[in-house]
Amino acid sequence: MNKYLLSVAAFLISISSLSQVSVTGTAYTEIVPMVTIKEKVQMNIGRFSTESGGGSIVITPEGVRIGKGSVVLLNGYYSQAIFIISGSSTNALSVILPGAPQPLYHNNSSNRVYLENWTYSTPGTNDGKTEIYIGATLEVGPDDLNPAGTYSGTYQVNFIFN
């Protein structure tokens, strides 16, 4: 019986020497504003004429228009594309422009001209909105390949937030 009492006493002593410790952990999350992208200004290469050889028109991200080859630039409206990005300004932004020439289709035929050599600039952030200015080069052939008329098309720009 003494052995039994000693075993019970040892057990009770070991139980009383056990301790319980609690700790409180902390969890964290952040809800950021949804990122939105809008086309503020459509790219417009403007009005021009070509002589016999064709050529190209460069529109820079800063909105400068330059004619090359036999292209004659005419007065009127033209503009680089401008996109507005709203949302989290703490994320790094990467811009991926089209890698291949993008066609603009003639409004009354199957003829086309191509936009290529895409460039962009980010002049800054204003009121939490970032503006992206995009330029490109329009390649145009002589009149027999690219008759007078309106040409239009679309292109895709990818914005990646890191």
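The values are calculated or read from the model by the stated rules, or taken from the named source; none is laboratory data. Keep in mind that what you see is a predicted model, and the values were worked out from it rather than measured. So basically every Cβ, Gly included, is an ideal-geometry build from the backbone, and we count neighbours across all protein chains shown.
Quick look at the values:
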{"read-out": "Test: residue in region 108-117 that is more than 13 Å from residue 56 (Cβ to Cβ) and within 13 Å of the chain's Cα centre (by Cα)", "value": "no"}
{"read-out": "Number of the condition not met by residue 99 [criteria: (1) under 19 Å from residue 154 (Cβ atoms); (2) surrounded by 15 or more Cβ atoms within 10 Å (Cβ to Cβ)]", "value": "(2)"}
{"read-out": "Every residue from region 32-68 that is of a type in the set (Lys, Arg) and either free of Cβ contacts under 8 Å to residues at least 60 places away in the same chain or closer than 19 Å to residue 148 by Cα (or both)", "value": "38, 47, 65, 68"}
{"read-out": "Leading residue by the ranking (nearest to residue 132 (Cα to Cα)) among those in region 21-34 that are modelled with pLDDT of 80 or more and under 35 Å from the mean Cα position of the chain (by Cα)", "value": "29"}
{"read-out": "Residue that is modelled with the highest pLDDT [pool: residues in region 66-92 that are within 16 Å of residue 160 (Cα to Cα) and in contact with a Ser or Thr (Cβ under 7 Å, 6 or more places away or on another chain)]", "value": "85"}
{"read-out": "Given (1) out of contact with any His (no Cβ under 7 Å at 6 or more places or on another chain); (2) modelled with pLDDT of 90 or more, number of the condition residue 112 does not satisfy", "value": "(1)"}
{"read-out": "Residue list for region 113-133, restricted to those being among the β-branched types (Val, Ile, Thr) and buried (at least 16 other Cβ atoms within 10 Å of the Cβ)", "value": "113, 119, 130, 132"}
{"read-out": "Of residues in region 146-162 being more than 21 Å from residue 66 (Cα to Cα) and assigned to a strand (DSSP E or B), the one farthest from the chain's Cα centre (by Cα)", "value": "161"}
{"read-out": "Enumeration of residues in region 25-66 that are hydrophobic (A, V, I, L, M, F, W, C) and surrounded by 12 or more Cβ atoms within 10 Å (Cβ to Cβ)", "value": "35, 37, 41, 43, 45, 48, 57, 58, 59, 66"}
{"read-out": "Inter-residue pairs, beta-carbon under 9 Å, first within 20 Å of residue 79 (Cα to Cα) and in region 107-125, second of a type in the set (Phe, Trp, Tyr) and in a loop (DSSP other than H, G, I, E, B), 6+ apart", "value": "115/155; 118/155"}
{"read-out": "So residue 57, is it modelled with pLDDT of 95 or more and not aromatic (Phe, Trp, Tyr)", "value": "yes"}
{"read-out": "Qualifying residue in region 140-154 (condition: under 30 Å from residue 34 (Cα atoms) and either among the acidic types (Asp, Glu) or touching a strand residue (DSSP E or B) at 6+ places or on another chain (Cβ under 8 Å) (or both))", "value": "yes"}
{"read-out": "Residue in region 81-89 that is crowded, with 16+ Cβ neighbours inside 10 Å and free of Cβ contacts under 8 Å to residues at least 40 places away in the same chain present", "value": "no"}
